[in-house]
Amino acid sequence: MGADFGYRGKRLGLPEEGPGAIAPLGRRFGAIFIDWSICMVIAYGLLARGDQQAAGNWALGVFLLMSALTVGTIGCTPGKRLLGLRVVSEDGGRLGFGRVLVRTVLLLLVIPALVWDRDGRGLHDRLGRAVQVRM
C-alpha cells in the first residue's frame with residue numbers, strides 16, 4: 001500500500017530505461033570505488049611517498065580536483081565513464097563549474113551522498129541540481 005510515485009526519474013522527465021534514465025545504484029557505487037582507487041594510487045605513488053595515512057588525506061584533494069575537472073568538462077569521472085554513467089543538469093544540459101564544485105565538496109562529506117530522494121538522487125546531487133544518468 002502507499003502512494004505510487006511512478007518510476008525513478010519520472011518527476012524529472014527522464015525515461016524509465018535506457019540512455020538518459022536514472023543511473024542504477026550499483027553502477028554508481030562501482031564508479032565511486034573505481035574513482036577512489038585511482039585517487040589512492042595517485043596519492044600513494046606521487047604525493048604521499050609511501051605513507052599510507054598521508055595517502056588517504058592526499059586522496060581527498062586528488063578526488064576533489066579529478067571530479068571537478070572531469071565532471072565539469074566531459075560530464076563524467078573515469079569510473080563513471082567505464083560504467084556508462086554521466087552527470088547532467090536537471091534540465092539535461094551540462095553542469096556549470098560552480099555546481100560541480102558544490103556537488104563534489106558535498107560528496108566528499110559522505111553524509112549528503114547517503115541521503116536520497118525518491119528518484120534515487122543523493123543530497124549532493126539535489127543541491128547541485130544534478131542527475132546521474134546512463135549514457
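The values are calculated or read from the model by the stated rules, or taken from the named source; none is laboratory data. Quick caveat: nothing in here was measured; it's all calculated off a predicted structure. Note that each Cβ is placed from the backbone with ideal geometry, even for glycine, and that neighbours are counted across all protein chains shown. Quick note on the areas: whole protein, heavy atoms, side chains included, nothing else; ligands and nucleic acids left out. Shrake-Rupley method; radii C 1.70, N 1.55, O 1.52, S 1.80 Å.
For the criterion of being modelled with pLDDT under 95 and open to solvent by less than 70 Å² (accessible area, probe 1.4 Å), ALA113 passes. Scan the range 73-99 for residues that are within 19 Å of PHE33 (Cβ to Cβ), over 10 Å from the mean Cα position of the chain (by Cα) and either of a type in the set (Gly, Ala, Ser) or in a strand (DSSP E or B) (or both) and jot them down. GLY84, the sole residue that qualifies. For the residues ARG134, ARG94, ARG81, the requirement of being under 15 Å from ILE22 (Cβ atoms) and open to solvent by 70 Å² or more (accessible area, probe 1.4 Å) singles out ARG134. Output yes when any residue across the range 71-81 is among the hydrophobic types (A, V, I, L, M, F, W, C), at pLDDT 95 or above and farther than 17 Å from ARG99 by Cβ, and no when none is. No, the range 71-81 has no match at all. Of the set (1) closer than 22 Å to GLU16 by Cα; (2) of a type in the set (Gly, Ala, Ser); (3) touching a strand residue (DSSP E or B) at 6+ places or on another chain (Cβ under 8 Å), all apply to ALA113 but (1). Going through the range 66-78 one residue at a time, which ones are open to solvent by less than 20 Å² (accessible area, probe 1.4 Å) and among the hydroxyl-bearing types (Ser, Thr, Tyr)? Residues satisfying the conditions are SER67, THR77.
Go through the range 100-124 and give me each residue that's assigned to a loop (DSSP other than H, G, I, E, B) and either basic (Lys, Arg) or in contact with a His (Cβ under 6 Å, 6 or more places away or on another chain) (or both). Hits for the range 100-124 are ARG118, ARG121. Sub-6 Å Cβ pairs linking a first residue in the range 21-47 that is under 18 Å from MET135 (Cα atoms) and at pLDDT 95 or above to a second residue that is open to solvent by less than 30 Å² (accessible area, probe 1.4 Å) and in a helix (DSSP H, G or I), at least 6 apart or interchain, are ALA31/GLY79; ALA31/LYS80; ILE34/GLY79; ASP35/GLY79, ordered by first then second residue.
Taking TYR7, is it in contact with an Asp or Glu (Cβ under 7 Å, 6 or more places away or on another chain) and either over 25 Å from ARG129 (Cβ atoms) or open to solvent by 60 Å² or more (accessible area, probe 1.4 Å) (or both)? Give the steps one after another, and end with the answer.
Details: in contact with an Asp or Glu (Cβ under 7 Å, 6 or more places away or on another chain): yes; either over 25 Å from ARG129 (Cβ atoms) or open to solvent by 60 Å² or more (accessible area, probe 1.4 Å) (or both): yes.
Yes: the conditions hold for TYR7.
For the range 10-40, filtering for residues that are basic (Lys, Arg), open to solvent by less than 50 Å² (accessible area, probe 1.4 Å) and outside any helix (DSSP H, G or I) leaves 0. When residues in the range 41-65 are screened for being over 20 Å from LEU101 (Cα atoms) and buried (at least 18 other Cβ atoms within 10 Å of the Cβ), 5 of them pass.
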